[in-house]
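A short write-up of the structure that comes next.
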Amino acid sequence: MFILVFKLNSSIIHYQQSNLLKICDDLQFPFRFYLVVTFLIFEANFETIYNTIMKISKAFIPTLKEDPADAVIPSHKLMVRAGMIRMLSAGIYSFLPLGYKVIKKITKIIREEMDAIGGQEFHLPALNPKEIWEQTNRVEAFGDTMFHIKNRDYVLAPTHEEIMTYHAKGVLKSYKEMPQIWYQIQTKFRNEARPRSGVIRGRQFLMKDAYSFDSSWEGLDASYKLHDNAYRNIFDRCGIKYFIVGASSGAMGGSKSEEFMVKSDAGEDTVAHCESCGYAANVEVAQSKIDPVERHEESKEFYEISTPNIKSINELCEFLKIDERQTAKSRVYVFNNEPVLVLMSGNDDVNETKLESVLGCAVRPGHPDELKEITGADAGSIGPIGFKHKIIADLRLENANSLYSGANKNDFHIGGIDLKRDVPNIEYYDLRTVESGEACPKCGEKLEVFKAIELGHIFKLGTKYSESLGAMFLDENGKENPIIMGSYGIGVERVLACYIEQNYDERGILWDNNLGPYQIHLLGLNMKKDKVIETSEKIYATLSQNGYEVLFDDRKGVQAGFKFADADLIGLPLQVIVGERALKENMIEIKVRRTGERVKVNLDKVYDKVAELLK
RNA sequence: CGGGGCGUAGCGUAGUCCGGUUAGCGCGCCUGCUUUGGGAGCAGGAGGUCGCAGGUUCGAAUCCUGCCGCCCCGACCA
């Protein structure tokens with residue numbers, strides 16, 4: 001059998017076909033049978049050989065010279081231009097062979113790391129009975145984001161907590177059977193109101209989601225830690241530069257949660273990050289060390305100032321020739337139908353997430369006409385003196401005095417305000433949004449605030465789903481408890497897109513050896529010359545037989561420049577260039593895509609050099 | 001869902017304001033010849049319901065109404 005496998009492998013290389021059926025067609029009856037048997041037994045081995053070589057003349061790799069009109073971010077443009085994806089509808093993409101090869105590489109890494117922590121892979125239905133989702137109240141929670149089937153009571157699964165818990169229920173009945181880690185890599189469906197950034201936010205997308213089932217909170221901690229490590233390994237192996245943000249787990253419930261983020265202008269989250277100590281937090285909760293507004297020794301009585309047409313803090317500072325820190329900006333919000341005045345120092349931004357957690361409910365900025373009714377003045381002239389409702393202020397203003405703020409009368413401000421003396425019922429909270437350049441709360445170095453893409457999210461779910469679905473187990477004392485769960489997700493396409501966002505230049509993508517669809521781009525420059533054909537075919541065979549993944553540009557009648565441009569666009573790590581010029585000296589050229597470095601090597605040293613460069 | 005932009009050949013686009021030849025150009029595609037180390041040259045050719053529907057008009061890519069699709073900003077985002 002091994003001999004047969006060997007023969008088949010070489011025959012596959014010899015045929016250089018990408019298609020099993022074609023190979024079958026070319027074989028006589030008994031060999032066909034053996035091929036199929038061998039394929040079944042040695043599938044993994046076969047797959048490696050079967051997938052790794054391709055001639056461009058036979059491949060479907062529709063590259064584009066120009067940027068597609070509807071793509072904005074680099075990864076989207078490059079994925080379309082390199083022939084990896086095509087859009088079918090807004091937020092719905094087909095992966096073409098080249099793009100799908102990268103997806104398979106990413107999922108292979110994910111599978112290896114998930115299996116390494118004891119994960120077991122499932123294949124679950126995307127079509128789910130709505131009833132299960134109603135039991136956890138998530139039909140309502142997801143609302144319009146969930147796709148509903150029209151002619152049957154099914155929904156398209158946007159994630160799989162419910163289904164995994166459903167399978168755990170009644171089966172994981174004893175503490176002895178735990179822990180368990182179950183995962184799947186499958187398509188999820190979400191009716192996003194606005195898909196964007198190519199594959200980064202789609203209406204259907206590939207997600208690896210894993211769930212841990214434990215009988216104790218310590219067990220959950222251990223499962224969480226395993227995933228934390230696995231995720232670091234996965235993103236490291238994918239060559240992604242990421243950072244980790246501690247976050248609240250929001251409406252999912254549960255306690256601890258971490259997000260694996262990538263810095264990107266295309267991101268949908270804003271985070272504060274400290275390069276030096278690694279502190280990272282969503283800007284919604286991020287803190288910084290800032291100087292409080294100092295209290296002056298003398299505190300004179302407050303007084304009204306005429307400030308015609310002065311609305312903004314900047315205008316006020318200019319008009320009165322004062323520093324921003326001497327002002328208190330007023331913002332009126334409405335919560336539970338009650339107005340609240342929020343005082344901030346200077347131009348500091350109100351952080352509405354922090355405000356909501358302070359007030360314990362949703363807030364909204366007051367409408368212009370409401371402001372007039374509540375305060376007697378328009379925005380720009382509102383202040384704490386004479387304000388009759390709840391007043392809270394940012395910590396930075398704690399006990400400050402000699403402040404300027406609005407007079408609740410248009411075109412007037414008040415100076416000499418002493419919050420301690422004049423606003424007795426004021427409460428102070430951290431309410432401001434951190435800004436780039438402020439000091440890290442942990443180490444004091446400078447924080448950077450930027451947009452980021454969420455690649456992965458791990459969190460401790462607790463018992464929310466096991467309780468609502470009744471997934472219970474018996475503990476050591478024979479007592480029934482809900483299973484303690486964790487939930488861990490990775491956006492597979494986002495890994496791909498983020499890799500490209502971090503690895504491209506003006507000519508195209510820059511693949512590393514581990515994620516690239518192939519390792520080597522072999523270019524036969526003039527495929528009408530016998531010597532070029534002969535040499536490049538030989539190199540193709542040699543590299544293939546040695547297990548390298550080779551994309552061979554064997555197209556006849558395509559100009560050298562065209563081939564170079566395609567090779568740079570697709571961006572495989574190495575380009576092996578066979579051209580007449582170097583062949584005269586018995587040499588071929590090897591170009592390292594990332595650095596642009598070119599080396600000439602003798603024909604009999606090609607394999608050694610490739611091996612060295614791809615190490 | 002709110003605001004803005006766009007929809008013309010496989011891709012990128014001109015023409016639309018101010019209605020009037022056979023809807024133009026670049027790339028790509030097909031045939032032939034030449035060319036072959038950074039997106040070739042010449043010659044010939046194929047390819048269009050101008051997003052869809054209705055209306056105005058002698059005449060509509062162009063004006064009007066409705067709808068659909070796509071992109072961007074915002075809202076939303078377990």
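Averaging sequence separations of C-alpha pairs under 8 Å and six or more residues apart, then dividing by the length of region A:303-429, give the relative contact order as a whole percent.
29
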* Structure fact -> Under the 7 Å Cα-to-Cβ spin-label approximation, A:Thr270 and A:Leu614 lie apart by a distance in nanometres of 4.6
* To do: Given a cut-off of 32 Å, name the pairs among A:Lys529/A:Lys591; A:Lys104/A:Lys563; A:Lys225/A:Lys289; A:Lys188/A:Lys263; A:Lys104/A:Lys173 whose C-alpha atoms lie farther apart than that in the structure shown.
  => A:Lys104/A:Lys173
* Under a 5 Å amide H to amide H cut-off, with H placed in plane at 1.01 Å, what residues pair with A:Ile85 once short-range neighbours are removed? -> A:Val80, A:Leu96
* **Residues in region A:309-325 reached by a label modelled at A:Glu294 [backbone nitrogen below 20 Å; 7 Å Cα→Cβ]** => A:321-325
* Asked: What are the residues whose amide H is under 5 Å from the amide H of A:Glu121, where those residues sit 5 or more places off or on another chain and H is modelled from the backbone?
  -> A:Tyr183
* Asked: Sorting A:Leu419, A:Leu88, A:Leu343 on the 10 Å Cβ count, fewest up front, what's the list?
  -> A:Leu88, A:Leu419, A:Leu343
* Helix-derived mean residue ellipticity, 222 nm - over chain A, DSSP H n ≥ 4, -39500 (n - 2.57), to 500 -> -9000 deg cm²/dmol
* Structure fact -> Once phi for every residue in region A:533-539 is put through the Karplus expression 6.51 cos²θ - 1.76 cosθ + 1.60 (θ = phi - 60°), the whole-Hz ³J(HN,Hα) values, with Gly and Pro written as x, are 4, 4, 5, 5, 4, 5, 5
* To do: Assuming R0 = 45 Å, can you tell me the calculated FRET efficiency for the pair A:Val72 and A:Lys173, based on Cβ-Cβ distance, to the nearest 0.05?
  => 0.30
* To do: Calculate one ³J(HN,Hα) per residue across region A:205-220 by plugging θ = phi - 60° into the Karplus curve 6.51 cos²θ - 1.76 cosθ + 1.60, and present them in order as whole Hz with x for glycine and proline.
  => 7, 8, 9, 8, 10, 10, 9, 10, 10, 10, 9, 8, 5, 5, x, 4
* Asked: By its C-alpha gyration tensor, with a ≥ b ≥ c as the square roots of the eigenvalues, how is region A:518-615 shaped: rounded for a/c under 1.5, else prolate for a/b larger than b/c, else oblate?
  -> rounded
* **Value of relative contact order over region A:79-195, rounded to a whole percent, pairs C-alpha under 8 Å and six or more apart** => 27
* Whether chain A is rounded, prolate or oblate, judged on the alpha carbon gyration tensor where a/c under 1.5 counts as rounded -> prolate
* Asked: Counting Lys and Arg as +1 and Asp and Glu as -1, each charge on the Cβ, what is the dipole of region A:518-615 about the Cα centre in debye, to the nearest 20?
  -> 220
* To do: With θ set to phi - 60°, apply the Karplus curve 6.51 cos²θ - 1.76 cosθ + 1.60 along region A:228-236 and write out the HN-Hα couplings as whole Hz, x wherever there is a Gly or Pro.
  => 3, 5, 4, 5, 4, 4, 4, 6, 4
* Using only alpha carbon pairs under 8 Å that are at least six residues apart, calculate the relative contact order of chain A and give it in whole percent. => 16
* **Long-range HN-HN contacts of A:Tyr504 with modeled amide H, under 5 Å** => A:Leu510
* Asked: What is the fewest-to-most order of A:His413, A:His457, A:His227 by other Cβ atoms lying within 10 Å of their Cβ?
  -> A:His457, A:His413, A:His227
* Neighbouring Cβ atoms within 10 Å as the yardstick, rank A:Ser468, A:Ser223 fewest first. => A:Ser468, A:Ser223
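The numbers here are math on the coordinates, done by the rules we state, and not lab data. Worth saying up front: this structure is predicted, and the values here are computed from it rather than measured. Cβ: placed from backbone, ideal geometry, glycine included. Neighbour counts: every protein chain shown.
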